[in-house]
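Visitor: Below is one structure. I have some questions about it.
The values are calculated or read from the model by the stated rules, or taken from the named source; none is laboratory data. Only a predicted model underlies this, so the values are computations on that prediction, with no experimental measurement involved. Because the Cβ atoms are built from the backbone with ideal geometry, glycine has one as well, and the counts that use them run over all protein chains shown.
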Amino acid sequence: MVIQTYHLLWTAYLKSGTGQLILQVQTQSLYSLTSSIWPKQVTAMVSVTNINSANENEIYLNFVNKHLLKLNAQLRSYKHNLNMKANHYSGYTLTIQNCIETYIEQHLQSFRLNIEHHIELLHYDYHIRALKLEYLRHCSNEYQKQQLKEICQTKYAQEMAEQESRLIKQQMNYSNLPNQSTLIDSIQSIDIRQQLFNEYKEIAVQSRANLFQIYIKSVNDERQEYRKKFEDQMEKIQPIHELIDDNNPKLSPIMIQLIDQRCQKIIERLKCIYRFKTQFTL
């Protein structure tokens, strides 16, 4: 069952690299959804030796296909061994099999959720990189490339602060729930526990609340700073404000649209990450 889960992940890698990861939508898109985009996880695993623009796609394709073949071979082997054990186990029934599968499913839940989250992020990464490729296709100079980089970095920082602020507030609410115990509550001796409770718990709770407030204020200040910076950057690239400069030609409307869509995908990706983080931290 672990091999089957890894197979889903590597199949997603293959689909991304062959332009089949994203299902075609009915509405017209500003950018291609069939581009070959190999995930960074794959490119990081392949040696950079002898890779160039002419053969890198073939190298990545062969690497992923070989790994999928290896997973298929392992899967067949484990299935064969499982059948052998089940057939030679006296009294093995469908009820026993279901109990085993339920037990394993429960203990694999965290692992599977992690892989499913990884695959979900692959989809966001594909959109973000496809939008960049389409934007670069319209670029005519380094100034325009720099605008994309700076604006997206600012939006990333703004949304990161936004999500971090929400997470801290959720953690505050969770830590203040009445059923949450402290180290003092875990002491067995009633007398000692009560004494320490009276002397220190109020101070500890107040200190924790103060730390939360300080951190939230810091994150909110950072969020406001990046929001203002992002708004200024977007205002600057609008056609009515863009100065005509031979060295820094203004961005076309479609380029501005691509920047906006890429920022939206960056926001969605970070929200996905923090939903997952919240699920496991709380």
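Visitor: Can you tell which of Ala86, Ala157 is more than 29 Å from Glu268 (Cα to Cα), surrounded by 13 or more Cβ atoms within 10 Å (Cβ to Cβ) and touching a helix residue (DSSP H, G or I) at 6+ places or on another chain (Cβ under 9 Å)?
Guide: Ala86
Visitor: So for segment 220-233 (the condition being at pLDDT below 90 and not in a loop (DSSP other than H, G, I, E, B)), does at least one residue qualify?
Guide: Among the residues of segment 220-233, at least one is at pLDDT below 90 and not in a loop (DSSP other than H, G, I, E, B), which makes the answer yes.
Visitor: If you don't mind, there's one more thing I want to ask. Within segment 39-58, identify whether any single residue is over 16 Å from Thr18 (Cβ atoms), at pLDDT 95 or above, surrounded by 14 or more Cβ atoms within 10 Å (Cβ to Cβ) and over 21 Å from the mean Cα position of the chain (by Cα), and answer yes or no.
Guide: no
Visitor: Which residues, counting only those in segment 130-175, are in contact (Cβ under 8 Å) with a residue 12 or more places away in the chain and polar (S, T, N, Q)?
Guide: Within segment 130-175, Ser140, Asn141, Gln144, Gln147, Thr154, Gln158, Gln163, Ser165, Gln170, Gln171, Ser175 meet the criteria.
Visitor: Still on this structure, I have one more. So Glu134 fits all but one of (1) farther than 22 Å from Tyr274 by Cβ; (2) at pLDDT 90 or above; (3) in contact with a Lys or Arg (Cβ under 8 Å, 6 or more places away or on another chain); what number is the exception?
Guide: Going through (1) farther than 22 Å from Tyr274 by Cβ; (2) at pLDDT 90 or above; (3) in contact with a Lys or Arg (Cβ under 8 Å, 6 or more places away or on another chain) one by one, Glu134 breaks only (3).
Visitor: Considering each of Lys250, Lys265, Lys217 in turn, give the residue that is surrounded by 13 or more Cβ atoms within 10 Å (Cβ to Cβ), of a type in the set (D, E, K, R) and either part of a helix (DSSP H, G or I) or at pLDDT below 75 (or both).
Guide: Lys265
Visitor: May I ask you to say which residue of Ala157, Ala73 is among the small types (Gly, Ala, Ser), under 28 Å from Phe276 (Cα atoms) and at pLDDT 95 or above?
Guide: Ala157
Visitor: Among the helices (runs of 4 or more DSSP H) lying completely within segment 1-111, list those that include at least 2 residues that are charged (D, E, K, R) and within 29 Å of Ile128 (Cα to Cα).
Guide: Helices (runs of 4 or more DSSP H) meeting the threshold: 56-87.
Visitor: Working only within segment 60-75, note down all residues that are in contact (Cβ under 8 Å) with a residue 12 or more places away in the chain and closer than 20 Å to Lys40 by Cβ.
Guide: Tyr60, Leu61, Phe63, Val64, Asn65, His67, Leu68
Visitor: To continue, here is another question. Among the residues of segment 268-282, which ones are β-branched (Val, Ile, Thr) and modelled with pLDDT of 95 or more?
Guide: Answer for segment 268-282, where residues must be β-branched (Val, Ile, Thr) and modelled with pLDDT of 95 or more: just Ile273.
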